[in-house]
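For reference, the structure is listed below as structure tokens.
The values are calculated or read from the model by the stated rules, or taken from the named source; none is laboratory data. Every value quoted in this text rests on a predicted model; they were computed, and no experiment measured them. Reconstructed Cβ throughout: ideal geometry from the backbone, glycine too, with neighbour counts over all protein chains shown. Keep in mind that these areas ignore ligands, DNA and RNA; they rest on the heavy atoms of the full protein, side chains included. Shrake-Rupley method; radii C 1.70, N 1.55, O 1.52, S 1.80 Å.
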Amino acid sequence: SVNFSLGAILRFGRANLTVDAYRIDIDDRIVLSENLTQPNVRMFLQAQGFVGAGGGRFFINGVDTETQGIDVVLNLPLEPGAAGEFDLTFAANYNETEVVRVPQIAQLAALNPAPPLFDRNNVLTFEQGNPNYKITGNLNWKRDRWGGTVRTTTYGRVLAPGTTVANDFVMQPKTLVDLEGRVRFAGFGFALGVENVFDEYPDALPPRLNTTSNTSFSNLSPFGRAGR
């Protein structure tokens, strides 16, 4: 892997702004091949002495990816007086990943038609199977022995690719809110919080992709499916 980054820190009074841009190139990533069960693959395996083999699947080094993105973090402490101390943090990330090379093996490439070792579904999972952006806001408050936190997290669009365009499933951006209250008493600290206050769930898979009724949500969801 080769990594490039460029960053800057800016200060405005008590506020701090950090900006980091980066690019990460990774060569020969280890991936799992497709299920190779095509008739010509079976014939090839039998010709090599694997009588009765129905196909194969294996790990291979051979996927190259390029990722580039930017991180921005703003921290702003506030002291409005009798109301206590506030600390506001805002963070945002945007990134893109592109698969620039997929693996090939001469023996399989010579078959007609040549079976793909790393097909559309896997390529798109690399490129769009994670949110292309994430935004968080965190507000901490403290006054004497009392404290509290409000946190929001927004996840961008995610694609759960299928074998064809018709089976692709897009999960739209979602925002989660967490709350926590704290108090210190007699040398002990107590906290009570609620995660995902508004009971957000990932977008549910449509019936055509949930044919058994047992997979309500995609495994590529960037947050859990347990609700509040």
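Remarks
- Carbon and sulfur %, accessible surface of the chain computed with the full protein complex present, 1.4 Å: 56 percent
- Computed over the chain with a Gaussian network model linking Cα atoms closer than 10 Å, the most mobile of Asn112, Asn121, Asn40 is Asn112.
- On the basis of the beta-carbon distance and an R0 of 35 Å, Val51 and Phe217 show a calculated FRET efficiency of 0.25.
- Rg in Å to one decimal, and Dmax rounded to a whole Å, for the range 129-175 via C-alpha atoms: 17.5, 59
- Nitroxide proxy distance, nm - points 7 Å out along Cα→Cβ at Ser5 and Val194: 3.7 nm
- Alpha-carbon centroids, the range 48-105 and the range 158-179: separation in whole Å: 16 Å
- The chain - percent relative contact order, Cα under 8 Å, separation 6 or more: 13 percent
- Both numbers refer to the Cα atoms of the chain; Rg and Dmax are 24.6, 83 Å.
- Around the Cα centre of the chain, unit charges on the Cβ atoms of Lys, Arg, Asp and Glu (plus for the first two, minus for the last two) sum to a dipole of about 500 debye.
- In a simple Cβ point-charge model (Lys, Arg +1; Asp, Glu -1; nothing else charged), the range 72-148 has a dipole of about 140 debye relative to its Cα centre.
- Looking at the range 1-70, the chymotrypsin sites (Phe, Trp or Tyr not before Pro) that sit in a DSSP loop and have at most 13 other Cβ atoms within 10 Å of their own Cβ are Phe50, Phe58.
- In this structure the range 36-125 gives 59 Å² per residue of accessible area when probed at 1.4 Å with all protein chains present.
- Candidates Leu45, Leu88, Leu159, ranked by Gaussian network fluctuation over the chain, Cα under 10 Å, top entry: Leu45
- For the Cα trace of the range 138-228, dividing Rg by the Kirkwood Rh returns an Rg/Rh value of 1.19.
- Counting 0.36 nm for each residue step from Phe90 to Ile30 and taking away their Cα separation leaves a gain of 18.1 nm.
- Sparsely packed loop sites in the range 85-181 (the trypsin sites (Lys or Arg not before Pro) outside DSSP H, G, I, E and B with at most 12 other Cβ atoms within 10 Å) comprise Arg145.
- Among the trypsin sites (Lys or Arg not before Pro) within the range 1-43, those in coil by DSSP and having at most 14 neighbouring Cβ atoms inside 10 Å are Arg14.
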